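See structure below.
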Amino acid sequence: MKNLLFPLLFLGLFCSCNEEIGREISTDLSEEVRQFYTLSTALTEGSYLANFTYGDYFRLQSESLPGCPKIEIDQSLRLITLDYDSVDSCMQERNFSRKGKIRIDYSLSNTQISTWWMEYEDYHFDKSRIQGTRQFQSLSPNQNQESFENLRLITDTNLSFTAKGSHTYFISRFSSRPFAISFVGTIEGINPVGRRFKQTLSGAKEVFINCYSEGWILPFEGEETWTVERGATRELSYKIAFSSEEECNPLVNATLPDGRILILNP
């Protein structure tokens, strides 16, 4: 019996190692980075919308926002509702499908610690559903801080991300109106197969307001580094780089952990 213990133990270790190796080999790296890109794109759109001030929304027209939502302003509550279910038509150069509502609560934005919240209400962007609330705080007239927890993105194939993060935004204005936004920060959470991930903006994302008014929501410049765990002691890294091929429609390249380059846009 003792002579059988070592072979059986070895066989058990061998099988468990092979199982882990098999899981890694079966992971489609190009699909994994596309999932990260989907999460990044969905969050970038909201970043733009929440960095307008309450006063900015009195000057904005529906056609100047991506997807042309109906803009509802409740002055008694200082509440902005962007209603994508009430869109009649939207003649923009780039038009993602959207439905549901985004609410931005500015009720405490005129206090000493200026704070506001953006909440997704049955909101669908492209092929994903976004759930949760994002909190913003003014650090100066041209700088905002964001934090969020338990934000969820669910794809049309029922794959789900859970994320938390923080960003710092720098808003450039001309004649009191915003024309560009730059931001840095991190996101971390759990990907659809239960692995922990972290995103760091290794190069600040830069976006132009005039591009957003035509439905283009990608940054024209910036770089993201995504790390994802593989077992208890290993992780893989991806890089997603945005560069300005055209002002509003950037080239987006992903560098996979095995060195391959994947074009994500256009």
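The values are calculated or read from the model by the stated rules, or taken from the named source; none is laboratory data. Just so it is clear, the model here is predicted, and its values are computed rather than measured. Here the Cβ is made from the backbone with ideal geometry for all residues, glycine too, and neighbour counts use every protein chain on show. Please note that ligands, DNA and RNA were not included when accessible areas were found on the heavy atoms of the full protein model with its side chains. Shrake-Rupley method; radii C 1.70, N 1.55, O 1.52, S 1.80 Å.
Among the residues making up region 64-97, those that are assigned to a loop (DSSP other than H, G, I, E, B) and open to solvent by 40 Å² or more (accessible area, probe 1.4 Å) are Q75, S76, L77, R78, V87, D88, S89, M91, E93, R94, N95, S97. For L159, the criteria (1) in contact (Cβ under 8 Å) with a residue 60 or more places away in the chain; (2) closer than 21 Å to S40 by Cα; (3) in contact with a strand residue (DSSP E or B) (Cβ under 6 Å, 6 or more places away or on another chain) hold in every case but one, which is (3).
For region 128-137, the criterion of a residue being open to solvent by 40 Å² or more (accessible area, probe 1.4 Å), farther than 18 Å from I80 by Cα and polar (S, T, N, Q) is satisfied by no position. Scan region 216-245 for residues that are among the hydroxyl-bearing types (S, T, Y) and touching a residue at least 40 places away in the same chain (Cβ under 8 Å) and jot them down. If the condition is that a residue be among the hydroxyl-bearing types (S, T, Y) and touching a residue at least 40 places away in the same chain (Cβ under 8 Å), then Y238 is the only one that fits. What residue, among those in region 99-127 that are charged (D, E, K, R) and open to solvent by less than 70 Å² (accessible area, probe 1.4 Å), is farthest from E45 (Cα to Cα)? The residue in question is D105. Only one entry in I240, I154, I181, I190 is under 24 Å from T53 (Cα atoms) and either hydrophobic (A, V, I, L, M, F, W, C) or open to solvent by 70 Å² or more (accessible area, probe 1.4 Å) (or both), namely I181.
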